[in-house]
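Working notes for the structure below.
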Amino acid sequence: MKLALAQINTTVGDLTRNVDRILDAVQKAEAGGAQVAVFPELTITGYPPRDLLEKPSFLARAEAELARLTTATRGMQIDLIVGAIGPSVDDTGKRVTNRAVVIRDGEVRFVQIKRLLPTYDVFDEGSYFDEGPPQALTTLRNTPTGLIVCEDAWNDKQFWERRLYESDPVEDLARAGARVMISINASPYHMGKREQRREIFSTAARRHKTPFVYVNLVGGNDQLVFDGSSFVMNAEGELIASARSFDEDLVFVDLAAGTGEHHANLEVETEAVYEALVLGTRDYLHKCGFKRVLLGLSGGIDSSITACIAVDAVGRENVAGFGMPGPYSSDHSVSDARAMAERLGIRFELVPIKEQYEAFLRTLDPVFGDVPRDVTEENLQARLRGVTLMAASNKWGALVLTTGNKSELAVGYCTLYGDMCGGLAVISDVPKTLVYELSRIANRRHNDAIPENVFTKPPSAELRPDQKDTDSLPPYDVLDTILRDYVEEYRAPRDIAERHGYPLELVRDIINKVDRNEYKRQQAAPGLKVTSKAFGMGRRFPIAQRFSE
């Protein structure tokens, strides 16, 4: 069997254009000699459609577009496997199912309904979809074939120490006599995910002595970034074909010969994170209808990496940076920001906020009376910068990118309606220590656009004289270690302290900061997920609660 892995970038709800993309890829696959073209999960609707699945009009249009796709294949010599929605098998419960559909010569020949519906992390499929019956084999080009939809392949008892589901659809299909397994997927990226997928499917291929075809969605949809990275394993669990990461791709493979194309990929994980952020930013902007962005440039490492990502996402001509020095800003905060903007080739505007800040103090001093100045006045500066950026956003129709990192967001080292103002939080899932690594990657790509001084000077919000981040926080390597253990692995304070030799009171203080600042995070702009546990849609903690570590 000769296959084409059709790794395409779909948009949620853009049903007509999604089908047009499918048809374009099918024509290329057929011209390349493929007998079967395999597309990602929910190709027609985009993933995840979420509450769109509650709209009868959406379901009707999705059904109509599937019919259009089916009709358009009449006379073609190639089979299609596409992800689609369809009606429930029962009259009670949920109305819709998640399907892999086989189309041949103008007809739907076979349907496999997804059986295992994830409800962990960013997934909520159990709320929308009705689960399918036990899987059945189909025949593609005289080959008994097992069709699998994403999660249905992630419950191998040989791989997981603790399985989430009682059944294993892959094992059922193997026992039924499948000679090849084809899995269609919408599997979001996070660090280490690409390697994990290959290990899972390599293990399954060796166990069942069956080739595995894995086709994944690519592109950004809201907070999720899908990396593609489609591949084929032979029956020995060896990689015989692979697609690019973070880009649309069409990969040809001959299962009978055991050969396929290998397209260039990103082997270094930090390079993959950088590409994920670029793709996520680009797709968020374009799919939401924005062409231009702007951001505050403080001369610090966070705004510097965000600017570089923005340039790679939408082009330097569509990026503007604002330097907004206040009463405590250092000279290098302006000079470093200006130098970087010039090297990147982006527009730079200098808008000092000192006069506005002093006017606010004169207005508020009679109200506050003799109460000493404190963080209130510090936050005024951040909020004046937010007002400035939002004014430019309104005037130019450009989206504001926030520049706060995961470490700051975790402990609330950010200002509501100040530096948190914006439409997309590009690096909100990037710990501070990783920000520095990504900035080195950015400099390799942009001819050292970020000045070396930005890497070496102590991080500071510059909201009071001689302020340093370490006045309020431990060194970032310590902070990020504590946050990783607590946020991503749910470890208890004493366990974290003992594992790393940190003072227990320090760990408790950081964890208390994390818990107290949930109200801030739930008002933050959506951010792009690149770690195993990001703040946002995959972390659902109540704000008003009394549990404490």
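Out of all the residues in segment 319-345, which are within 16 Å of ASN447 (Cα to Cα) and touching a helix residue (DSSP H, G or I) at 6+ places or on another chain (Cβ under 8 Å)? Correct list: ASP336, ALA337, MET340, ALA341, LEU344, GLY345.
Across segment 257-274, which residue is modelled with the lowest pLDDT among those that are acidic (Asp, Glu) and closer than 21 Å to LEU5 by Cα?
Per the criteria, the residue is GLU267.
Of ALA398, ALA359, which residue is out of contact with any strand residue (DSSP E or B) (no Cβ under 8 Å at 6 or more places or on another chain) and among the small types (Gly, Ala, Ser)? Steps first, answer last, please.
Values: ALA398 fails: out of contact with any strand residue (DSSP E or B) (no Cβ under 8 Å at 6 or more places or on another chain).
Testing whether each residue is out of contact with any strand residue (DSSP E or B) (no Cβ under 8 Å at 6 or more places or on another chain) and among the small types (Gly, Ala, Ser) leaves just ALA359.
Please note which helices (runs of 4 or more DSSP H) are completely contained in segment 375-481 and include at least 3 residues that are surrounded by 15 or more Cβ atoms within 10 Å (Cβ to Cβ) and modelled with pLDDT of 95 or more. Please lay out each step first, then the result.
Values: elements: 375-396, 406-411, 432-445, 452-456.
Correct list: 375-396, 406-411, 432-445.
Let's see how each residue does on (1) among the aliphatic types (A, V, I, L, M); (2) in the same structural domain as TYR47 (by TED's automatic domain parsing); (3) in contact with a Ser or Thr (Cβ under 8 Å, 6 or more places away or on another chain); (4) surrounded by fewer than 16 Cβ atoms within 10 Å (Cβ to Cβ):
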residue	(1), (2), (3), (4)
THR119	no, yes, yes, yes
ALA136	yes, yes, no, yes
ARG141	no, yes, no, yes
LEU147	yes, yes, yes, no
SER167	no, yes, no, yes
MET191	yes, yes, yes, no
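Annotation note: Cβ proximity below 9 Å between a residue of segment 379-394 that is in contact (Cβ under 8 Å) with a residue 40 or more places away in the chain and a residue that is in a helix (DSSP H, G or I) and surrounded by fewer than 20 Cβ atoms within 10 Å (Cβ to Cβ) (sequence gap 6+ or interchain) occurs for GLN381/TYR357; LEU384/GLN356; LEU384/TYR357; LEU384/PHE360; THR388/GLN356.
Would you be able to tell me the number of residues in segment 5-33 that are in contact (Cβ under 8 Å) with a residue 24 or more places away in the chain and either surrounded by fewer than 19 Cβ atoms within 10 Å (Cβ to Cβ) or in a loop (DSSP other than H, G, I, E, B) (or both)? Of the residues in segment 5-33, 13 are in contact (Cβ under 8 Å) with a residue 24 or more places away in the chain and either surrounded by fewer than 19 Cβ atoms within 10 Å (Cβ to Cβ) or in a loop (DSSP other than H, G, I, E, B) (or both). Annotation: TYR128 fulfils all but one of (1) closer than 26 Å to HIS190 by Cα; (2) surrounded by fewer than 18 Cβ atoms within 10 Å (Cβ to Cβ); the unmet one is (2).
Cβ-Cβ contacts under 7 Å between residues 6 or more apart (or on different chains), taken from a first residue in segment 509-526 that is within 15 Å of THR403 (Cα to Cα) to a second residue that is modelled with pLDDT of 95 or more and not in a loop (DSSP other than H, G, I, E, B), are listed as ARG521/LEU409; ALA524/LEU409; ALA524/ALA425; ALA525/THR402; ALA525/LEU424; ALA525/ALA425; PRO526/LEU424; PRO526/ALA425.
The values are calculated or read from the model by the stated rules, or taken from the named source; none is laboratory data. What you see is a predicted model, and the numbers here were worked out from it, not measured in a lab. Counting neighbours? That spans all protein chains shown, and the Cβs are built from the backbone with ideal geometry, glycine included.
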